[in-house]
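Q: Pasting a structure below so you can have a look.
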Amino acid sequence: MDQPGVAVALGAGSARGIAHIGVLQVLESAGIRVEYVAGASIGSLIGALFAAGIDLHRLEQLACSIRLKHIVDFVVLPGKGGVIQGEKLQELLNVFLRGKTFGDLKIPLAIVATDLVTGDEVVFREGLVVGAILASCAIPGVFVPVRCAGRLLVDGGLIDRVPIRVLQEMGEAPMIGVDVGPNLRTGRFRSAAEVTLQAIDIMQEEIVRLKTRKADIFIRPDVGEFSSVRLDKAAELIQRGRDAAWEALPQIEELIQERKIRG
């Protein structure tokens, strides 16, 4: 019989979400099994690659080699609702996940997106994984919204930055929330994207406080000062994720032991 494991909610945070790799590496190093994963925005991307069984050290190498030019393709036609089409990101994801459905994954996964028209939370648990990731990562005003099943979908972090509630619906494992949200910037804004992301981050702070109360453990890597678009800081972000996870590890192991005793 497998040892009891944990469920992990990987939060939104754009480039800061690279820290999720470090958190997952620590859980793996400690022999802690992840039973379920839920993700929003960058958390959906990291979560999906992890759930597909991609080696975490390979993910680290990938994260440290990627730059914006590898995932950004600007839209030149008006009326698209964003300035980045998302085709380059889709091509990158297809290298690892082409044709994979949620049922093909090694770990049960849920991905959160937001219906731009109704404001509803949309949770993907079936269908093609890449399409769900693209919807969950479609930062409003930055990426072109994704049309899916008659809905117009954008970033899952808009409505549920750290999707703990979704984990509750997936099973009974102790729930770990990982928040890679920002410190609100006080300095100069260098791009329209950073202005848009700052506005979203302000709105999200209160939502996160309300929605993550039921997490058994809440990990917040010290990444708040990092820009949302600085992919060149990947190595440091991953280390910050490791540091936060090592600090939380005794509490995680205690929860697992309690669950084992309860049977």
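Q: Mind telling me which of the residues T101, T114 ends up being surrounded by fewer than 20 Cβ atoms within 10 Å (Cβ to Cβ) and not small (G, A, S)?
A: Unique residue meeting the criteria: T101.
Q: Can you confirm whether E126 is acidic (D, E), touching a Phe, Trp or Tyr at 6+ places or on another chain (Cβ under 6 Å) and surrounded by fewer than 21 Cβ atoms within 10 Å (Cβ to Cβ)?
A: When the stated conditions are applied, E126 passes them.
Q: Out of V26, V34, V72, I need the residue that is on the phi < 0 side of the Ramachandran plot, among the β-branched types (V, I, T) and at pLDDT below 95. Which one?
A: V72
Q: A further question follows. Of the residues L249, L210, which single one is modelled with pLDDT of 95 or more and of a type outside the set (K, R)? Steps first, please.
A: Details: L210 fails: modelled with pLDDT of 95 or more.
Answer to the check: L249.
Q: So if I check each of R125, R151, which one is closer than 11 Å to A113 by Cβ and either polar (S, T, N, Q) or over 13 Å from the mean Cα position of the chain (by Cα) (or both)?
A: Criteria check complete, one pass: R151.
Q: Among the numbered conditions (1) closer than 30 Å to I256 by Cα; (2) in contact with a Phe, Trp or Tyr (Cβ under 7 Å, 6 or more places away or on another chain), tell me where C137 comes up short.
A: The one condition C137 does not meet is (1).
Q: State yes or no: is I84 over 21 Å from L152 (Cβ atoms) and modelled with pLDDT under 95?
A: The answer is no for I84.
Q: I've got another one for you. Note down all Cβ pairs under 7 Å where the first residue falls in the stretch 149-160 and is modelled with pLDDT of 95 or more, the second is crowded, with 24+ Cβ neighbours inside 10 Å and of a type in the set (K, R), and they're at least six residues apart or on different chains.
A: Pairs that qualify, where the first residue is modelled with pLDDT of 95 or more and the partner is crowded, with 24+ Cβ neighbours inside 10 Å and of a type in the set (K, R): there are none.
Q: So is R240 closer than 23 Å to Q25 by Cα, modelled with pLDDT of 95 or more and out of contact with any strand residue (DSSP E or B) (no Cβ under 7 Å at 6 or more places or on another chain) or not?
A: yes
Q: Please pick out the residue among V166, V123, V129 that is touching a residue at least 40 places away in the same chain (Cβ under 8 Å), in contact with a Ser or Thr (Cβ under 8 Å, 6 or more places away or on another chain) and under 30 Å from A248 (Cβ atoms).
A: Working: V166 fails: in contact with a Ser or Thr (Cβ under 8 Å, 6 or more places away or on another chain); V123 fails: in contact with a Ser or Thr (Cβ under 8 Å, 6 or more places away or on another chain).
One residue alone meets the criteria, V129.
Q: While we're on this one: Scan the stretch 249-263 and report the pairs whose first residue is within 12 Å of V6 (Cβ to Cβ) and whose second residue is of a type in the set (D, E, K, R), with Cβ atoms within less than 8 Å and a gap of 6+ or a chain change.
A: Listed pairs, sorted by first residue: L255/D216.
Q: Same structure, new question: So is R165 part of a loop (DSSP other than H, G, I, E, B), closer than 28 Å to L56 by Cβ and among the basic types (K, R) or not? Write out each step before concluding.
A: On the way: part of a loop (DSSP other than H, G, I, E, B): no; closer than 28 Å to L56 by Cβ: yes; among the basic types (K, R): yes.
Criteria not met by R165.
Q: Working carefully through the options G47, G53, find the one that is assigned to a helix (DSSP H, G or I) and either in contact (Cβ under 8 Å) with a residue 40 or more places away in the chain or within 25 Å of L197 (Cα to Cα) (or both).
A: Of G47, G53, the one residue that is assigned to a helix (DSSP H, G or I) and either in contact (Cβ under 8 Å) with a residue 40 or more places away in the chain or within 25 Å of L197 (Cα to Cα) (or both) is G47.
Q: Moving on to the next point. Within the group F124, F143, which residue is over 22 Å from K211 (Cβ atoms), of a type outside the set (D, E) and in contact with a Cys (Cβ under 9 Å, 6 or more places away or on another chain)? Can you show your working first?
A: Working: F124 fails: over 22 Å from K211 (Cβ atoms).
Checking each option against the conditions leaves just F143.
Listed here are the residues, each with its yes/no results for (1) surrounded by fewer than 19 Cβ atoms within 10 Å (Cβ to Cβ); (2) assigned to a loop (DSSP other than H, G, I, E, B); (3) out of contact with any Pro (no Cβ under 7 Å at 6 or more places or on another chain).
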{"position": "I133", "(1), (2), (3)": "no, no, yes"}
{"position": "I139", "(1), (2), (3)": "no, yes, yes"}
{"position": "R161", "(1), (2), (3)": "no, yes, yes"}
{"position": "E172", "(1), (2), (3)": "yes, yes, yes"}
{"position": "V180", "(1), (2), (3)": "no, yes, no"}
{"position": "G187", "(1), (2), (3)": "yes, yes, yes"}
{"position": "V195", "(1), (2), (3)": "yes, no, yes"}
{"position": "I202", "(1), (2), (3)": "yes, no, yes"}
{"position": "V208", "(1), (2), (3)": "no, no, yes"}
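Q: Tell me, please, whether a residue that is outside any helix (DSSP H, G or I) and exposed (fewer than 15 other Cβ atoms within 10 Å of the Cβ) can be found in the stretch 235-242. Explain how you work it out, then say what you get.
A: Step one: filter the stretch 235-242 for residues outside any helix (DSSP H, G or I), giving none.
Within the stretch 235-242, none of the residues are outside any helix (DSSP H, G or I) and exposed (fewer than 15 other Cβ atoms within 10 Å of the Cβ).
The values are calculated or read from the model by the stated rules, or taken from the named source; none is laboratory data. For clarity, every value in this text was computed on a predicted model and none was experimentally measured. Don't worry about glycine lacking a Cβ; one is built from the backbone with ideal geometry, like all the others, and counts go over all protein chains shown.
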